[in-house]
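Structure first, commentary second.
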Amino acid sequence: MTPEKLEFRGVALYPGLLDRPAQEAMVAALRRVAEAAPMFHPESRFGKRMSVKMTSAGAFGWVSDRRGYRYERRHPSGVAWPPIPAEVLAVWQAVSGVERAPECCLVNYYSETARMGLHQDIDESDFAMPVVSISLGDDALFRVGGLERSDPTASTWLRSGDVCVLAGEARRAFHGIDRLKPGTSTLLPQGGRLNVTLRVVT
């Protein structure tokens, strides 16, 4: 991969980094992840069910329930998380800029009505390590703000095969997904979007 790099509010964007065959191979690998560790709807600490479904791969998985947001070594069912697919690790190696391997691959599935409110990725121990995010499926309106929830925000569309890297000042920026544009991709037979994020946890 020879990535083209753009920047949006401090976030590095690699538009179209993954071509269609690479996207299809990654989706197939992620289906195997979901077979080993089925997707589930997490709850917020206040008991509200999130609109996205998720699972994870790697040494840790991200979970959320009434006990709060955290990383766990096992799926809520008790099974171990499967290994991070090689197709996903190759993206990390291409754009992360660090030698450490990711310890968590969080996989979020957005139906056409799902969204993700503004949030920070702050459950990790070392903010010098980036978060790498891969978009697969329908276009998504990606909103990025600053280090405070009240800071001004701006949005841009992410398309299937796009990759983002949150590093440096943007590592702790508030960000979220406002909405999807249904029917903009044929990658997922059921429609919707997969978002794959890679993180170093410890």
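The numbers here are math on the coordinates, done by the rules we state, and not lab data. Keep in mind it's a predicted model, so treat the numbers as computed, not measured. Positions of Cβ are generated from backbone atoms using ideal geometry, with glycine treated the same way; all protein chains shown enter the neighbour counts.
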Open item on the list: Tell me the mean residue ellipticity at 222 nm calculated for the chain from its helices only (DSSP H runs of n ≥ 4, each -39500 (n - 2.57), averaged over every residue, nearest 500).
Closed with: -4500 deg cm²/dmol
Task: Residues 79, 33, 132, 201, sorted so that the one with the fewest Cβ neighbours within 10 Å comes first - done: 79, 201, 33, 132
Task: Environment charge of residue 186, counting only residues whose C-beta is closer than 11 Å and scoring Lys/Arg +1, Asp/Glu -1 - done: -1
TODO: Taking GluC sites (Glu not before Pro) as candidate sites, keep only those in a DSSP loop with at most 16 other Cβ atoms within 10 Å, then name the longest stretch of the chain containing none of them.
DONE: 5-98
Task: Estimated FRET transfer efficiency when R0 is 30 angstrom, pair residue 118-residue 93 (beta carbons, to 0.05) - done: 0.55
Task: Vicinal HN-Hα couplings computed from phi for the range 180-189 (Karplus, 6.51 cos²θ - 1.76 cosθ + 1.60; Hz; Gly/Pro x) - done: 9, 10, x, x, 8, 9, 9, 5, 9, x
TODO: Give the shape of the range 140-202 as rounded, prolate or oblate, defined through the alpha-carbon gyration tensor: a ≥ b ≥ c are the square roots of its eigenvalues, a/c under 1.5 means rounded, and otherwise the shape is prolate if a/b is larger than b/c and oblate if not.
DONE: oblate
- [ ] Please turn the phi angles of the range 20-27 into ³J(HN,Hα) values with the Karplus equation 6.51 cos²θ - 1.76 cosθ + 1.60 (θ = phi - 60°), one per residue in order, whole Hz, x for glycine and proline.
- [x] 4, x, 5, 5, 5, 5, 5, 4
Open item on the list: Which one, 64, 13, 195, is farthest towards the positive end of the dipole of the chain when Lys and Arg carry +1 and Asp and Glu -1 on their Cβ?
Closed with: 64
- [ ] Compute the FRET efficiency between residue 73 and residue 25 as 1/(1 + (r/R0)^6), taking r as their Cβ-Cβ distance and R0 = 30 Å, and round to the nearest 0.05.
- [x] 0.65
Task: DSSP loop chymotrypsin sites (Phe, Trp or Tyr not before Pro) with at most 16 other Cβ within 10 Å: longest gap in the chain - done: 47-126
Open item on the list: Apply the a/c threshold of 1.5 to the C-alpha gyration tensor of the range 6-199 and tell me whether it is rounded, prolate or oblate.
Closed with: rounded
